[in-house]
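Worksheet for the structure shown next.
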């Protein structure tokens, strides 16, 4: 299995935010995690990426237990993410924000940097080309020199995705990427996420836009009060009574 969570639990005092969750993500798929606000979805992502350490259970990536690894080592193994609340560097340019995401790919030493060695110059060119390609893919290449803070909200979302992709992840975690986007931008995001899948990147997605989720997800897991209450295809989730109750309230007879 490409990615697994086994009985993962995370508590904050008396609150159980993630309650013995199992999750299997198949390589090369788009796997969505949905649920009401406060269901524990972002905490789940934080446990995966090491921002929060799980209190119990195991997280396995490509057969290796990464449960207790620090964030930078998890990222180095090929797991990238975006955040529910945008975390860009507002006074860096659009291009430089993407370059920040390449730091794990940088094998140069301080000596190389100080002397501007041939290896340093070669790497700088490779980084520049990679980042410009990502900006082109996200439609931001013409704004490469602007401060990130000056981008519209939807484009800031795209920039954060570009930065996450700069580390060349095998598994990309997207936390509400369509938040703040208009319908046209969401349609572009749909196409872009599909293109990432076509390139072999596995996507784990938190999203409240159900039209987007039902359109692109191969598998959907539903979390409510920290518990996984359902899992399946879009059609299976749409007809699941527990999911309907969690989102809309119990049906009246």
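Structure notes:
- The residue that is surrounded by the fewest Cβ atoms within 10 Å (Cβ to Cβ), among those in the range 64-95 that are assigned to a strand (DSSP E or B) and touching a strand residue (DSSP E or B) at 6+ places or on another chain (Cβ under 8 Å), is 65.
- Among the strands (runs of 3 or more DSSP E) confined to the range 1-55, the ones with at least 3 residues that are within 21 Å of residue 217 (Cα to Cα) and out of contact with any helix residue (DSSP H, G or I) (no Cβ under 9 Å at 6 or more places or on another chain) are located at 15-25.
- Close pairs (9 angstrom Cβ cut-off, 6 or more residues apart or separate chains): on the phi > 0 side of the Ramachandran plot in the range 214-243, assigned to a helix (DSSP H, G or I) anywhere: 225/246; 226/43; 226/44
- Subset of the range 1-28 (residues that are touching a residue at least 40 places away in the same chain (Cβ under 8 Å) and surrounded by fewer than 16 Cβ atoms within 10 Å (Cβ to Cβ)): 1, 7, 11, 20, 22, 26, 27, 28
- Qualifying residue in the range 111-123 (condition: modelled with pLDDT of 80 or more and part of a helix (DSSP H, G or I)): no
- Taking (1) within 11 Å of residue 8 (Cβ to Cβ); (2) touching a residue at least 60 places away in the same chain (Cβ under 8 Å) in turn, residue 55 satisfies each apart from (2).
The values are calculated or read from the model by the stated rules, or taken from the named source; none is laboratory data. Treat the numbers as computed from the prediction; the structure is a model and nothing was measured. No Cβ is skipped: glycine too gets one built from the backbone with ideal geometry, and neighbour counts run over all protein chains shown.
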